[in-house]
1. Starting from the 7 Å offset along Cα-to-Cβ, what nm value, one decimal, do you get for the label separation of Asp10 and Met233?
2. Using a 7 Å offset from Cα along Cα-Cβ at His103, what residues in the stretch 52-69 end up with backbone N under 11 Å from the label point?
3. Residue by residue, what Karplus-based ³J(HN,Hα) values in Hz, rounded to whole numbers, does the stretch 246-251 have, using 6.51, -1.76 and 1.60 with θ = phi - 60° and x for Gly and Pro?
4. Got a number for the accessible area of Val164? Probe 1.4 Å, square angstrom, nearest 10.
5. Leaving ligands, DNA and RNA out of it, report the carbon-plus-sulfur percent of the accessible area of the stretch 174-237 at a 1.4 Å probe.
6. Lys and Arg at +1, Asp and Glu at -1: add these up for the other residues within a Cβ distance under 13 Å of Glu87 and post the number.
7. With a probe of 1.4 Å, find how much accessible area the chain has per residue, and write the answer as a whole number in Å².
8. So if R0 is 51 Å, what FRET efficiency would Glu87 and Glu181 give, r being the distance between their Cβ atoms, rounded to the nearest 0.05?
Amino acid sequence: MELLPVTDADDRRLDDYRALTDTALRSLSEPSGGLYIAESTKVIARAVAAGHRPRSLLVQERRVDDIREIVGDLDVPVYVVPDEIAEAVTGFAVHRGTIASMHRPELPSVHDVIDGASLVLILENIGDHTNVGAAFRAAAGLGADAVLVSPGGADPLYRRSVRVSMGTVFQVPWTRITDWESAIADLHAAGFDIAALALRDDAVTLDAYAADRPSRVALVMGSEGDGLSREAMDGADTVVTIPMSGGVDSLNVASAAAVALWSMKA
């Protein structure tokens, strides 16, 4: 790596890091420039370990030694900046001291991602980046082999999603569904039972489904407000519900994903 001190917030070499506030980034989804932002040494380490390539790093002086252990052998510029320059460029206080601009990898096909998998999590139109990140963390920690994200869902490589996931978006194989019907066909051809998590009178309770679970299961979680679309419900083989009490009818989508995934391995 090449250490390059930078003391001017207007230095064009730092353009990848400008205006990274959530408000500025929320309108960007999988940008055409092919980059994403990884924040903190732990997250960057997981990205690099997964084979992702940094374009550059913006590092506060106190974090140089930490980042040297992660990217020391890579041919990548490391811009070393004072704290006030980091904040002026990004638009927020960089508490963890390290940000990387990463090359966005090409996504695999649905067929390739589910090949060999026995438990898949599908996120349909989950628009909240925090929920996406939390769902990926649950997937990594509770044994999902892959995650599929619908066309209208939030970007798993969005800065907040990556941070909330603690970098587990780099551990679990995932891809973006481009055509829902084709994805359903791929899952059925591979022998998956597609279980839609939803409230419906004819739904099977999660504990009953888990007690006699098929060998290959794809759990479909719907959006925070509207739940699963008609298209997703029509493509499901089984409708499953989590029994609730206390007058509460459902859980946050990331919490529901964690409960459902845990039940599949219990």
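1. 5.7 nm
2. Backbone N within reach: 52-56.
3. Each residue's phi maps through the Karplus curve to give x, x, 9, 9, 7, 10 Hz.
4. Counting only protein heavy atoms, Val164 exposes about 40 Å² to solvent.
5. C and S fraction of accessible area: 44 percent.
6. 0
7. Counting only protein heavy atoms, the per-residue value for the chain is 46 Å².
8. Rounded to the nearest 0.05, the efficiency is 0.65.
The values are calculated or read from the model by the stated rules, or taken from the named source; none is laboratory data. The model shown is predicted, which means the values in this text are computed figures rather than measured ones. Reconstructed Cβ throughout: ideal geometry from the backbone, glycine too, with neighbour counts over all protein chains shown. Remember, those area values only see protein heavy atoms, side chains included, never the ligands or the DNA or RNA. Shrake-Rupley method; radii C 1.70, N 1.55, O 1.52, S 1.80 Å.
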